Every structure is written in C-alpha cells, then in structure tokens.
Amino acid sequence: MNTNEFIDYVAMFENGGDDPDRIPSLGDVSEELGVSISKLREQLEGARALGLVEVRPRTGIRRKPYSFTPAASNSLLYAIARDRSHFAEFSDLRIRLETSFWCEAVRKLTPEDFDELRELLNTAWQDLNGSPIIIPHREHRKLHLTIFKRLDNPFVTGLLEAYWNAYEAVELGSYADISYLREVWAYHERIVEAIIRGDVDGSLEAFIEHTKLLRSRPTG
C-alpha cells in the first residue's frame, strides 16, 4: 500500500455510525486490508502531514474537513528553503489569484464582514500610532484573508493561506519603515471603504495599486 491508496481509503471510508469521520484503528485497518501496522503507520503520517486526518488519544483517528493549505504550505516552505527567490514567484501568483477572484469574493461579503474589516483597520492604526509602535502583521494577514473568506473554493483559499504562512517564514512581518507601513494601511483603508460602499471596481483598483508596494518595499 502506498500513500495514495491509504488516502483513498480514508476518503471513501463510511462507518455508518454517529461519527462518520472516525476511522478504524490501525489494527482494524491492518486486518481489513492485509497491510502491516508499521506500513499503515507510515501512510498515516503522510496523511497527517497533508492535513487529512488527526490522531488524538481518546478519539483515535478522525478525518478532517478538507483544506488545501497544509499541502500547499509545506510545499511552498520547502521551495523557499531551497531558494528564497521562490517567494517572489509565489507572491506574483498570489497577486494574480486575488485579482482574478477579487470581484466574486467581495460581492459575497456580509455586513458582519464589513464590521470585522473596520475593526481590523482600527486596531492596526492604534498599533501604528501607539508608543511603542506595534507592527500590525496579524491584522494585515487577517484583513486580506477576510476579504476572501466567503469564497467557496478551498484551492484559492488554501493558496492564499499558504502565502501568508510563507510571508511569516521569510520574516516580512518583522520589520518595516513606519512611513511604509502607514502607506500600506492607507491603501487598506481605501480598499475597505470602497468595499463597504459597494464600489467593487474601486476596491480592486486600490488593491492593485497596493500590491505594487511590496515590490518597492524598503529592506534596510
């Protein structure tokens, strides 16, 4: 049995009980499939790395809701570890991806989402204007992902989440000139204001202008 065969087993398994996502123990699977427990344990680790299952002492093996993020993120982090320039290439992909799905995503946002975006803006400005200054990296990540939270496409959201995991890994959230940060958040404010007043095209235009800042970001 290889990893793909084990993944197929996890995906197709139906236990007919109260917990449809609970997978039998490795002992039971071994007996059912005629595969050694040691071999199954290897395949289980592969499935865990892909975020397909979780293993806990009391609940055993359970199938998790599908997310593309673990697979995309692990692959991207490996690529960046080999060659840091891959982050710039993936960053370009992320911009093209967000631009392509922007209008669809924005039109699905709710008034509750608008409130969340406003709160993120308020918190970010408080951090930037405070003493000491705090870099609002958490708010930066969450603001962008919130805009796409209603998009029913796990592959798009998985790639975007992988981007922000890599953004943290290359430490782009750890330092930036305060004038640069304030310019970034001024763009965020323009984007959010346009979204809230229903100006989808205007919000996209502001987003595209905003993405140009990363390429010219100070590195000192």
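The values are calculated or read from the model by the stated rules, or taken from the named source; none is laboratory data. All of these numbers come straight from a predicted model, not from anything done at the bench. Virtual Cβ from ideal backbone geometry, glycine too; neighbours counted across all protein chains shown. The protein model used for the area step is the full one, side chains on, heavy atoms only, and it has no ligands, DNA or RNA in it. Shrake-Rupley method; radii C 1.70, N 1.55, O 1.52, S 1.80 Å.
Filtering region 24-69 to residues that are among the hydrophobic types (A, V, I, L, M, F, W, C) and more than 28 Å from V156 (Cβ to Cβ) leaves L26, V29, L33, V35, I37, L40, L44, V55, I61. Residue count for region 47-89 satisfying the condition of being open to solvent by less than 70 Å² (accessible area, probe 1.4 Å), closer than 25 Å to M12 by Cβ, part of a helix (DSSP H, G or I) and among the polar types (S, T, N, Q): 1. Restricted to region 21-41, and to residues there that are under 25 Å from A71 (Cα atoms), of a type outside the set (D, E) and in contact (Cβ under 8 Å) with a residue 24 or more places away in the chain, the residue that is surrounded by the fewest Cβ atoms within 10 Å (Cβ to Cβ) is S25. Taken over region 91-115, the criterion of being over 13 Å from F148 (Cβ atoms) and open to solvent by 30 Å² or more (accessible area, probe 1.4 Å) is satisfied by D92, L93, R96, T110, P111, E112, F114, D115.
Given the criteria of a type in the set (D, E), open to solvent by 20 Å² or more (accessible area, probe 1.4 Å) and assigned to a helix (DSSP H, G or I), does E168 qualify? For E168, the condition - of a type in the set (D, E), open to solvent by 20 Å² or more (accessible area, probe 1.4 Å) and assigned to a helix (DSSP H, G or I) - is met. Selection of first residues in region 125-142 that are within 14 Å of S179 (Cα to Cα) and of second residues that are assigned to a loop (DSSP other than H, G, I, E, B) and among the hydrophobic types (A, V, I, L, M, F, W, C), restricted to Cβ pairs under 6 Å at least 6 apart or on distinct chains, gives the following pairs, ordered by first then second residue: D127/I134. Do we find a residue being in a loop (DSSP other than H, G, I, E, B), surrounded by fewer than 14 Cβ atoms within 10 Å (Cβ to Cβ) and of a type outside the set (V, I, T) anywhere in region 177-187? Yes, region 177-187 contains a residue that is in a loop (DSSP other than H, G, I, E, B), surrounded by fewer than 14 Cβ atoms within 10 Å (Cβ to Cβ) and of a type outside the set (V, I, T). Restricting attention to region 23-43, the residues that are polar (S, T, N, Q), assigned to a helix (DSSP H, G or I) and under 14 Å from V10 (Cβ atoms) add up to 1.
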